[in-house]
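Worksheet: the structure to be examined is printed underneath.
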Amino acid sequence: MLNLKQVAMAFVLVLALAGCSGMEPLKPVDRVDLERFMGDWYVIANIPTAIERGAHNAIESYRLDSNGTIATTFTFRDGGFDGKRKAYHPRGWVRDDSNAVWGMQFIWPIKADYRIVYLDEDYSVTVIGRNKRDYVWIMAREPAIPDAQYQEIVDEVAAMGYDISQLQKVPQRWE
């Protein structure tokens, strides 16, 4: 007969193994200046989470709070440019000395892996990824980036092991 402790240990082992993807962890950028990274980022493309499907005019905004956590506001129009405005407020925190690996919590107790895996020199374009390669976000300080630059970034995302057939451009229209 299995006792409660053995059942609990087996459950923890199953959860740990389920999290293993067999892929190397995504390499984050070498260093992020958090102050420069804060502010608004337009979501140019993503492999969307359930809440992001159909999002238009999506923006992720970051603010560094005095306690060191990152107040995040994710806003978008649902289903179209005139759709209902939705807003989510996850909390982020830095997990490493490079400031490029974060935890992100939308609801307690679930914490998500959040890695800055691409960041151009002038902090105008970034890519956020996850070790599981299930979700990715291409974001920019402006609502559009040149097609050639977009394709270069998509190629990099593919090289990271993502299925880019799942990548979707996020409609952005600002007047």
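The values are calculated or read from the model by the stated rules, or taken from the named source; none is laboratory data. Fair warning: this is a prediction, and the values are worked out from it, not measured in the lab. Here the Cβ is made from the backbone with ideal geometry for all residues, glycine too, and neighbour counts use every protein chain on show.
Here are some notes:
- Residue pairs whose Cβ atoms lie under 6 Å apart, sitting 6 or more positions apart in sequence or on different chains, and linking a residue in segment 106-123 that is basic (Lys, Arg) to a partner that is modelled with pLDDT of 95 or more and in a loop (DSSP other than H, G, I, E, B), are Arg115/Pro28.
- In segment 128-150, of all residues being assigned to a strand (DSSP E or B) and out of contact with any Asp or Glu (no Cβ under 7 Å at 6 or more places or on another chain), the one that is farthest from Gln172 (Cα to Cα) corresponds to Gly129.
- Checked against the criteria, Arg31 does not count as in a helix (DSSP H, G or I) and modelled with pLDDT of 95 or more.
- Segment 93-127: number of residues that are within 16 Å of Val29 (Cβ to Cβ) and part of a strand (DSSP E or B): 13
- Every test in (1) of a type outside the set (Lys, Arg); (2) at pLDDT below 95; (3) farther than 26 Å from Gln151 by Cα; (4) not in a strand (DSSP E or B) is passed by Asp82 save one, and that test is (2).
- Among the residues of segment 145-154, not a single one is touching a Gly at 6+ places or on another chain (Cβ under 9 Å), surrounded by 14 or more Cβ atoms within 10 Å (Cβ to Cβ), at negative phi and not hydrophobic (A, V, I, L, M, F, W, C).
- Arg77 charged (D, E, K, R) and either at pLDDT below 95 or under 21 Å from Lys27 (Cβ atoms) (or both): no
- The one condition in (1) modelled with pLDDT under 95; (2) assigned to a strand (DSSP E or B); (3) out of contact with any Lys or Arg (no Cβ under 9 Å at 6 or more places or on another chain) that Asn67 fails to fulfil: (2)
- Subset of segment 77-133 [in contact with a Phe, Trp or Tyr (Cβ under 8 Å, 6 or more places away or on another chain) and aromatic (Phe, Trp, Tyr)]: Tyr88, Trp93, Trp102, Phe106, Tyr114, Tyr123
- Boolean, Ala140 is closer than 17 Å to Met38 by Cβ and out of contact with any Ser or Thr (no Cβ under 8 Å at 6 or more places or on another chain): no
- Among the residues making up segment 70-108, a single one is in contact with a Gly (Cβ under 6 Å, 6 or more places away or on another chain), among the basic types (Lys, Arg) and within 15 Å of Val43 (Cβ to Cβ): Arg77.
- Among the residues here, Ser98 does not qualify as without any contact (Cβ under 8 Å) to a residue 60 or more places away in the chain and not aliphatic (A, V, I, L, M).
- Extreme residue, farthest from the chain's Cα centre (by Cα), among residues of segment 54-87 that are over 24 Å from Glu175 (Cβ atoms) and either surrounded by 12 or more Cβ atoms within 10 Å (Cβ to Cβ) or charged (D, E, K, R) (or both): Asp65
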